[in-house]
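What follows is a single structure, written as structure tokens, with notes after it.
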Amino acid sequence: MLIVLWALALLALLVSQMVPAARSEAQIAVNLHSRLAQESNADGAVYAAAFHLLDRSGNDWDVVGTTYRVRLPDSTVTVRITDEANKINLNTASPDLLCDLLVSIGADLTTASTLAAAIVDWRQADGPARSADKAQQYRAAGLRYTPPEKPFRSVDELALVLGMTPSLLTRLEPHLTIYSTYGPGRSTTDPVVLAAIMALQKQGGLLPFGHDASGERVVQVVATATNAASASFTRRAILRLDPGASDLPFTILTWEQ
């Protein structure tokens, strides 16, 4: 009888431990399924945005920063579209435009001029003598790398440029891109970029080239799917749209969570 009682006590203990664990694992499975569902909804919304942006039937979406809401049976997806041409292209901007942008975010003129030159030095290939000077400047600053003299692969790469600070980078990033195919012009919806453009124009500097007739453009699409239980997923994509291409009217340049 004693052995039976001990066995029952042991079984009760095991059951008491297993039930919470099973509930926890079941909840994890439910959460994972919900997250995957919202990820699928957000991804689908990005493709839907590409379709609407390419639509020429009069029902197309614009790229002025309007937020669209797509209601699905199990969730709601908010989609925000912006034109990358509203930003300054880090790989094509002139030193003067970069300098004016830095001044627009609060840098003093001396810092802005020096840093703008360093940004151009990072991406621009020069002769052996100038390349050696660049390398010496980075070594003197205690850095173990030198400018690659190639286009920036991301805006985040700016953090490696000599003289760049975390504070300046945080303020700069929202106004820069490496994807735009034209602009920005005076029609930009970014007030900081517009201030830089206007300052450059007043100085008589070289403005970025305008939109051509091809219709090609690059947009950022941010889609956030949320269900009734507040489970959500956000997808950020950069799309190059080419309405004139019959085989591939849009290309995905960036696909991030």
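The values are calculated or read from the model by the stated rules, or taken from the named source; none is laboratory data. Just so you know, these numbers come straight off a predicted model, no measurement behind them. Cβ: placed from backbone, ideal geometry, glycine included. Neighbour counts: every protein chain shown.
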For region 169-185 the number of residues that are over 19 Å from ILE81 (Cα atoms) and touching a helix residue (DSSP H, G or I) at 6+ places or on another chain (Cβ under 6 Å) is 1
Restricting attention to region 181-200, does a residue exist that is surrounded by 19 or more Cβ atoms within 10 Å (Cβ to Cβ) and among the polar types (S, T, N, Q)? yes
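Can we say SER230 is surrounded by fewer than 17 Cβ atoms within 10 Å (Cβ to Cβ) and at negative phi?
Numbers: surrounded by fewer than 17 Cβ atoms within 10 Å (Cβ to Cβ): yes; at negative phi: no.
For SER230, the condition - surrounded by fewer than 17 Cβ atoms within 10 Å (Cβ to Cβ) and at negative phi - is not met.
Yes/no matrix, rows are residues, columns are (1) surrounded by 18 or more Cβ atoms within 10 Å (Cβ to Cβ); (2) touching a helix residue (DSSP H, G or I) at 6+ places or on another chain (Cβ under 7 Å):
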position	(1), (2)
VAL64	no, no
ASP83	yes, no
LYS87	yes, yes
THR92	no, no
ASP100	yes, yes
ALA107	yes, yes
ALA125	no, no
SER131	no, no
ARG144	no, no
Picking from ALA159, ALA112, the residue that is surrounded by fewer than 20 Cβ atoms within 10 Å (Cβ to Cβ), more than 30 Å from ASN227 (Cα to Cα), outside the structural domain of ALA231 (by TED's automatic domain parsing) and out of contact with any strand residue (DSSP E or B) (no Cβ under 6 Å at 6 or more places or on another chain) would be ALA159
Within region 157-188, restricting to residues that are hydroxyl-bearing (Ser, Thr, Tyr) and more than 17 Å from the chain's Cα centre (by Cα), the one that is farthest from VAL103 (Cα to Cα) is TYR182
ARG139 being more than 17 Å from LEU168 (Cβ to Cβ) and either more than 20 Å from the chain's Cα centre (by Cα) or among the β-branched types (Val, Ile, Thr) (or both): yes
Across region 59-118, the tally of residues that are over 30 Å from ALA223 (Cα atoms) and either assigned to a strand (DSSP E or B) or among the acidic types (Asp, Glu) (or both) stands at 3
Only unsatisfied item for ASP60, checking (1) in contact with a Leu (Cβ under 7 Å, 6 or more places away or on another chain); (2) buried (at least 20 other Cβ atoms within 10 Å of the Cβ); (3) within 30 Å of ASP242 (Cα to Cα), is (2)
Within region 136-160, residues being among the aliphatic types (A, V, I, L, M) and touching a Pro at 6+ places or on another chain (Cβ under 8 Å) number 1
